[in-house]
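Take a look at the structure below.
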Amino acid sequence: MPAPETVAVRDDLFDDGADGRPHLVGGFSQSSGRYHFPLASRCPYSGANDVERVLLSDHGTLWGYTAVTAPPPGYQGHVPFGFGVVELPEGLRVITRLTETDPAQLQFGQPMHLVLAPLHVDDDGRIVITYAFAPTSDSTP
């Protein structure tokens, strides 16, 4: 039996980098000198239309975290799930799902890395995937 088809929760949120690992797709504006996520056609800081599509770092540092224990309206995935803020080396803080659901297992400043994770199964039987950050262990690349 073939594996179920997978589909991204939204186009152009993440992509594979040259290193074969997933990366978030963001933008960089030469006029503001700043990165943003998700990718937008105009710089959210300056309004300039000089945005270049970039693959952002696949790792960062945990800045804040909690567990979501009740499903938000319209949410079709499992609860609980981790939720937090991860700062990327580009200086950008990303609001994100976390793979760790127990806040006691997380700490401020903890190294994190990007993963792709299943979110739910859609009406067509496809697995919808999204990005999330997982704690980085000593053995994680």
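Being more than 16 Å from Y35 (Cβ to Cβ) and free of Cβ contacts under 8 Å to residues at least 12 places away in the same chain narrows it down to one residue among G109, G125, G74, G84; which is it?
G74
Among the residues of segment 25-36, is there at least one that is surrounded by fewer than 17 Cβ atoms within 10 Å (Cβ to Cβ) and under 23 Å from T136 (Cβ atoms)?
no
For segment 67-92, enumerate the residues that are surrounded by 14 or more Cβ atoms within 10 Å (Cβ to Cβ) and not charged (D, E, K, R).
Across segment 67-92, the qualifying residues are A67, V68, G77, P80, F81, G82, F83, G84, V85, V86, L88, L92.
Which condition number does D16 fail, the rest of (1) in contact with a Pro (Cβ under 7 Å, 6 or more places away or on another chain); (2) surrounded by 13 or more Cβ atoms within 10 Å (Cβ to Cβ) being met?
Going through the list (1) in contact with a Pro (Cβ under 7 Å, 6 or more places away or on another chain); (2) surrounded by 13 or more Cβ atoms within 10 Å (Cβ to Cβ), D16 breaks only (2).
Which of the residues that make up segment 41-50 are in contact with a His (Cβ under 8 Å, 6 or more places away or on another chain) and either among the β-branched types (V, I, T) or open to solvent by less than 70 Å² (accessible area, probe 1.4 Å) (or both)?
Selection gives C43 alone.
Give me a count of the residues in segment 42-84 that are polar (S, T, N, Q), closer than 28 Å to G109 by Cβ and out of contact with any strand residue (DSSP E or B) (no Cβ under 6 Å at 6 or more places or on another chain).
2
The values are calculated or read from the model by the stated rules, or taken from the named source; none is laboratory data. Predicted model, so just to flag it, every value in this text is computed and none were measured. Glycine also receives a Cβ, built like all others from the backbone with ideal geometry; neighbour counts cover every protein chain displayed. Keep in mind that these areas ignore ligands, DNA and RNA; they rest on the heavy atoms of the full protein, side chains included. Shrake-Rupley method; radii C 1.70, N 1.55, O 1.52, S 1.80 Å.
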